[in-house]
Ligand SMILES: Cc1cc2nc3c(=O)[nH]c(=O)nc-3n(C[C@H](O)[C@H](O)[C@H](O)COP(=O)(O)O)c2cc1C
């Protein structure tokens with residue numbers, strides 16, 4: 001086995017390890033607005049479902065390597081609101097462009113060519129090109145450190161859910177109809193669709 005001690009690694013080496021090993025990860029496409037109403041849109045693959053009661057999700061915005069917080073974190077802390085749009089293969093190239101470090105206040109909806117669709121309960125719009133979106137209110141921001149590349153885990157309660165009727169089946173979203181975009185290490189992405197799915201029932205006996 002190759003052995004690594006994070007304390008003796010640089011940030012780039014830690015990122016290369018963690019991103020390749022905690023994989024694949026779904027990609028939250030997070031929209032926010034600042035206190036002044038200017039919008040922002042950015043992808044986050046440090047993303048997970050976090051609870052059912054209340055329905056909750058979490059994503060982590062790591063500080064830039066110069067120590068600055070990401071625009072998404074600034075907005076979330078200013079307004080307490082965000083929207084997660086579900087990412088699909090068809091969105092990949094434009095979503096990747098939205099990860100460029102545009103100056104604060106410049107909206108990646110415009111830079112990357114996505115369409116705003118109004119939310120119901122929060123101010124940030126959802127991404128019209130996405131088949132589903134979760135409108136969220138911040139419950140907590142958990143910091144894993146303070147300096148460059150430290151994580152800021154934003155935990156949010158899901159207040160409202162949008163799902164395109166074309167991906168629904170029997171009242172629930174059908175994974176055979178959503179080609180999820182997932183992120184791995186390096187520059188690797190994958191998409192998750194009907195060809196790679198298999199089903200298992202939960203065990204009913206020890
Ligand atoms: C697919 C993908 C996934 C990403 N996941 C994360 C992530 O989980 N956390 C993070 O801090 N940055 C992540 N990034 C980088 C951010 O999207 C990038 O830093 C972006 O510029 C942040 O935007 P903001 O400053 O407008 O919030 C990811 C980028 C891509 C392309």
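Here is how the numbers come out for the structure above:
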quantity: Separation between Cα centres of the stretch 134-159 and the stretch 1-58, rounded to whole Å; calculated: 10
quantity: For the stretch 49-152: rounded, prolate or oblate by the Cα gyration tensor [a/c cutoff 1.5]; calculated: oblate
quantity: Calculated FRET value between residue 169 and residue 195, using beta carbons and R₀ = 25 Å, to 0.05; calculated: 0.90
quantity: Space enclosed by the convex hull of the alpha-carbon atoms of the stretch 116-191, per residue, Å³; calculated: 150
quantity: Estimated distance in nm for a label pair at residue 89 and residue 52, the labels positioned 7 Å out from Cα along Cα-to-Cβ; calculated: 3.1
quantity: For the stretch 9-194, fraction of C-alpha pairs farther apart than 31 Å, in %; calculated: 11
quantity: Highest-fluctuation residue, 95, 139, 21 considered, GNM on the chain with Cα pairs under 10 Å; calculated: 21
quantity: Most mobile listed residue (43, 124, 173) in the chain, GNM with C-alpha springs under 10 Å; calculated: 173
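Computed from the coordinates by the stated procedures, all read-outs in this text should not be read as laboratory data. Since the model is a prediction, treat every value here as computed from it, not as a measurement. Note: ideal-geometry Cβ built from the backbone for every residue, glycine included; neighbour counts use all protein chains shown.
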